[in-house]
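One structure below.
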Amino acid sequence: MKETGLYPIVSDHAVLRYLERCHGLNVEVIRAQIRESVRTGVRYGASAVITDGVKYVLREETVVTVHTRGGA
């Protein structure tokens with residue numbers, strides 16, 4: 001088989017499933033923890049919630065990303 005020279009791309013979905021299925025990560029527990037962390041902010045229309053050194057960025061009632069103090 002001829003080499004393509006292509007570099008593999010790994011989707012976020014694949015990484016998430018790998019963590020769930022190969023490392024036993026319970027995504028629903030984490031989702032519930034995030035939901036609880038932002039509940040009040042969502043209720044009052046915040047664009048972000050910062051708690052315990054974590055910034056949850058909101059778009060309406062959806063958490064769209066998460067940052068730590070180091071910016072990563």
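Out of the range 14-32, which residues are exposed (fewer than 10 other Cβ atoms within 10 Å of the Cβ) and either under 15 Å from the mean Cα position of the chain (by Cα) or touching a residue at least 12 places away in the same chain (Cβ under 8 Å) (or both)?
First, pick out the residues of the range 14-32 that are exposed (fewer than 10 other Cβ atoms within 10 Å of the Cβ): 21-24, 28-29.
Answer for the range 14-32, where residues must be exposed (fewer than 10 other Cβ atoms within 10 Å of the Cβ) and either under 15 Å from the mean Cα position of the chain (by Cα) or touching a residue at least 12 places away in the same chain (Cβ under 8 Å) (or both): GLU28, VAL29.
With the structure loaded, tell me whether SER11 is modelled with pLDDT of 95 or more, surrounded by 10 or more Cβ atoms within 10 Å (Cβ to Cβ) and either small (Gly, Ala, Ser) or more than 12 Å from the chain's Cα centre (by Cα) (or both) or whether it fails that test.
Working: modelled with pLDDT of 95 or more: yes; surrounded by 10 or more Cβ atoms within 10 Å (Cβ to Cβ): no; either small (Gly, Ala, Ser) or more than 12 Å from the chain's Cα centre (by Cα) (or both): yes.
No: the conditions fail for SER11.
Out of the residues in the range 33-50 that are assigned to a helix (DSSP H, G or I) and of a type in the set (S, T, N, Q), state the one that is nearest to the chain's Cα centre (by Cα). Outline the logic, then answer.
First pass over the range 33-50, keeping only residues assigned to a helix (DSSP H, G or I): 33-43.
Retained after the next criterion (residues that are of a type in the set (S, T, N, Q)): 33, 37, 40.
Numbers: GLN33: 12, SER37: 13, THR40: 19 Å.
Top of the filtered list is GLN33.
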Is at least one residue of the range 40-55 basic (Lys, Arg), at negative phi and modelled with pLDDT of 95 or more? yes
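The values are calculated or read from the model by the stated rules, or taken from the named source; none is laboratory data. Treat the numbers as computed from the prediction; the structure is a model and nothing was measured. Don't worry about glycine lacking a Cβ; one is built from the backbone with ideal geometry, like all the others, and counts go over all protein chains shown.
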